[in-house]
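The values are calculated or read from the model by the stated rules, or taken from the named source; none is laboratory data. Remember, it's a predicted structure, so these values are computed and weren't measured experimentally. When we count neighbours, we look across all protein chains shown, and the Cβ atoms used for this are built from the backbone with ideal geometry, even at glycine. With ligands, DNA and RNA removed, areas are computed over all heavy atoms of the protein, side chains included. Shrake-Rupley method; radii C 1.70, N 1.55, O 1.52, S 1.80 Å.
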Amino acid sequence: MLSKKVTLPAVVVGAVLAVVAANVFALQEYKSGIVWPEPKVVAPGEKPGDPPADAVILFDGTDLSKWKGGENWEVKDGYAVVRKSDITTKDSFGDYQLHVEFATPEKVSGNGQGRGNSGVFLADRYEVQVLDSYGNKTYFDGQCAALYKQSPPMANVCRKPGEWQTYDIVFEAPRFGEDGKLLKPGIVTVIHNGVVVQNHFELQGGTYFDRPASYEKHPERQPIRLQNHGNPVKYRNIWLRELTPIVGKKPGEEKKGS
Ligand code: MG
């Protein structure tokens, strides 16, 4: 009795194994042939929003020495407060991931564009709007997380006045030819408080209040500017990582390149 029970399944199992083995041996691993450099090992920040080990720290809560005009702002208790001028990074950057934390004033005053207005200017001329848009109506392409006068955010995810908020911005600088012709537009992705609100948006040019967007040739690497719009917006924990694409060598290229 026992031997019958064992024999029948064994035949079935054997057949199944044979089919599986045939398929396994028929599979061939796909290889692109591209020779990739090994990605750099980078220790991430301890908590979300913390700078990774190789980040450029632009403001860690202690001083604004990395910024032109930094002396015009107030620094206290680990944050900076917008005062009498814009501030601009002393260094310039090309393509990057930028982390910024901000809080619009807890004491609400003004309305529309006059309430908690500041801004993060990528390449010194493309503004990601900072505004208190919590229950504060204004034109949609001028509300918080808009690419000013070009693209409203896909959602309004503002926190209440006085609460800390995050921007994680991915920026690809535009490229221009020698003759000033635009070869590739600037590209911006904005994640506001963890929500994608601008997705790979193609900038139409500089963001202006009084005229349509237009491009003017500029070097690929430019500073970052934070706006003084007369409202005491707070900033903290500002850092960036420049983007360095991984470039592989296609078959044949590795010989030429080495
Ligand atoms: Mg602004």
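Specify the residue that is farthest from the ligand (Cβ to nearest atom); the eligible residues are those in segment 142-163 that are touching a residue at least 60 places away in the same chain (Cβ under 8 Å) and either within 16 Å of the chain's Cα centre (by Cα) or open to solvent by 50 Å² or more (accessible area, probe 1.4 Å) (or both).
Glu163
Can you tell me which condition Ile169 does not meet? The list is (1) open to solvent by 20 Å² or more (accessible area, probe 1.4 Å); (2) part of a strand (DSSP E or B); (3) within 15 Å of the ligand (Cβ to nearest atom); (4) not hydroxyl-bearing (Ser, Thr, Tyr), and all the others hold.
The one condition Ile169 does not meet is (1).
Check off (1) over 18 Å from the mean Cα position of the chain (by Cα); (2) more than 15 Å from the ligand (Cβ to nearest atom); (3) not in a strand (DSSP E or B) for Val42 and give me the number that stays unchecked.
Every listed condition holds for Val42 apart from (1).
Looking at segment 232-247 only, could you name the residues that are open to solvent by 20 Å² or more (accessible area, probe 1.4 Å) and part of a loop (DSSP other than H, G, I, E, B)?
Going through segment 232-247, the residues open to solvent by 20 Å² or more (accessible area, probe 1.4 Å) turn out to be 232, 234, 236-237, 241-247.
Pro232, Leu243, Thr244, Pro245, Ile246, Val247, listed by residue number.
I'd like the residue in segment 123-141 that is within 13 Å of the ligand (Cβ to nearest atom) and crowded, with 21+ Cβ neighbours inside 10 Å and, out of all such residues, is farthest from Ser92 (Cα to Cα).
Among those that are within 13 Å of the ligand (Cβ to nearest atom) and crowded, with 21+ Cβ neighbours inside 10 Å, it is Ser133.
Can you tell me which residues in segment 208-231 are away from the ligand (no atom under 16 Å from the Cβ) and surrounded by 15 or more Cβ atoms within 10 Å (Cβ to Cβ)?
Within segment 208-231, Tyr215, His218, Gln222, Pro223 meet the criteria.
Give the number of residues within segment 177-194 that are in a strand (DSSP E or B) and over 14 Å from Pro152 (Cα atoms).
4
Mind checking whether some residue in segment 59-75 is on the phi > 0 side of the Ramachandran plot, touching a strand residue (DSSP E or B) at 6+ places or on another chain (Cβ under 6 Å) and either surrounded by 10 or more Cβ atoms within 10 Å (Cβ to Cβ) or at pLDDT 95 or above (or both)? Outline the logic, then answer.
First, the residues of segment 59-75 that are on the phi > 0 side of the Ramachandran plot: 61, 69.
Now restrict to residues that are touching a strand residue (DSSP E or B) at 6+ places or on another chain (Cβ under 6 Å): 61, 69.
Remaining after also requiring either surrounded by 10 or more Cβ atoms within 10 Å (Cβ to Cβ) or at pLDDT 95 or above (or both): 61, 69.
Yes.
Evaluate the following for Gly205: is it under 20 Å from Pro223 (Cβ atoms), open to solvent by less than 30 Å² (accessible area, probe 1.4 Å), part of a loop (DSSP other than H, G, I, E, B) and more than 15 Å from the ligand (Cβ to nearest atom)? Explain how you work it out, then say what you get.
Values: under 20 Å from Pro223 (Cβ atoms): yes; open to solvent by less than 30 Å² (accessible area, probe 1.4 Å): yes; part of a loop (DSSP other than H, G, I, E, B): yes; more than 15 Å from the ligand (Cβ to nearest atom): yes.
Yes, satisfied.
Go through the residues of segment 88-100 one by one and say whether even a single one is under 14 Å from the mean Cα position of the chain (by Cα), in a strand (DSSP E or B) and within 15 Å of the ligand (Cβ to nearest atom). Give the derivation first.
The initial filter retains those residues of segment 88-100 that are under 14 Å from the mean Cα position of the chain (by Cα), namely 93-100.
If we keep only those that are in a strand (DSSP E or B) too, we end up with 93, 96-100.
Then keep just the ones that are within 15 Å of the ligand (Cβ to nearest atom); that gives 100.
Checking segment 88-100: at least one residue is under 14 Å from the mean Cα position of the chain (by Cα), in a strand (DSSP E or B) and within 15 Å of the ligand (Cβ to nearest atom).
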